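Notes follow the structure.
Values in this text are rule-based calculations from the coordinates and carry no lab data. The model shown is predicted, which means the values in this text are computed figures rather than measured ones. So basically every Cβ, Gly included, is an ideal-geometry build from the backbone, and we count neighbours across all protein chains shown.
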Amino acid sequence: MNRLKVLATVALLTAGLGTASAAVAADPPPAKAEAAAPAWGKLLSSDRKLAYPLDKPEVVVGTDPASGVVLHDNSVSPQHAKLVYKDGAVTIEDLGSKGGTLVAGTSLKKGKPFRIVQPVEIDVGAVTLYFEWGERPALLPPSQKATPGKQKAAPAKSKSPVGVKKKASPK
């Protein structure tokens, strides 16, 4: 545990404000040595003081140090939940955690991804996080993507303006 975490934990315990697990909810996001891909989303701590950028296609949340978002709480499993960004859509899935994962109060089941369509509260065990969108490219659904080199033909121009009736030709 680094010096800052120890000091924060000791200060909170001394003040009688909580337990060690509540004092240190998550590791701060790692410092970025090089320019990373734009984050498609972010997870915010319950006090909204810490933001964890989501900039990889799959981000695991858990206590495992290899997780993309590392939380320090006894109610969180090593690999608790996974957020996936694919084709402009975000899903979250519980990875068989013991503490459970809730999205907007709805309990997730292992193997059943839940699509996130708006900013939402996510409970990972007893830890509450908030999902917010980051920079999202404007994507068309795969069925509507433009094909290079092929463009739709412009609609044919009408010979008479809309709403103007042609004169009847004399017989």
Which pairs break 25 Å Cα to Cα here: K42/K82; K56/K109; K49/K110; K42/K112; K49/K109?
K49/K110; K49/K109
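Let me spell out the model: positive unit charges on the Cβ of Lys and Arg, negative unit charges on the Cβ of Asp and Glu, origin at the Cα centre of region 70-116. What dipole size does that give, in debye rounded to 20?
Details: 7 positive and 4 negative charges, 35 e Å.
So the magnitude is around 160 debye.
Using 0.36 nm times the number of residues separating K86 and E58, minus their current alpha carbon distance, what extension gain do you get?
Result for the pair: 9.2 nm of gain on full extension.
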Full extension from E121 to W133: what is 0.36 nm times the residue separation minus their Cα-Cα distance, to one decimal in nm?
3.1 nm
Over region 35-99, what relative contact order in percent results from Cα pairs under 8 Å that are six or more residues apart?
23 percent
Region 54-110, Kirkwood Rh and Cα Rg, ratio Rg/Rh at 0.96
Grab the Cα-Cα distance for S46 and K112, subtract it from 0.36 nm times how many residues apart they are, and report the gain in nm with one decimal.
21.3 nm
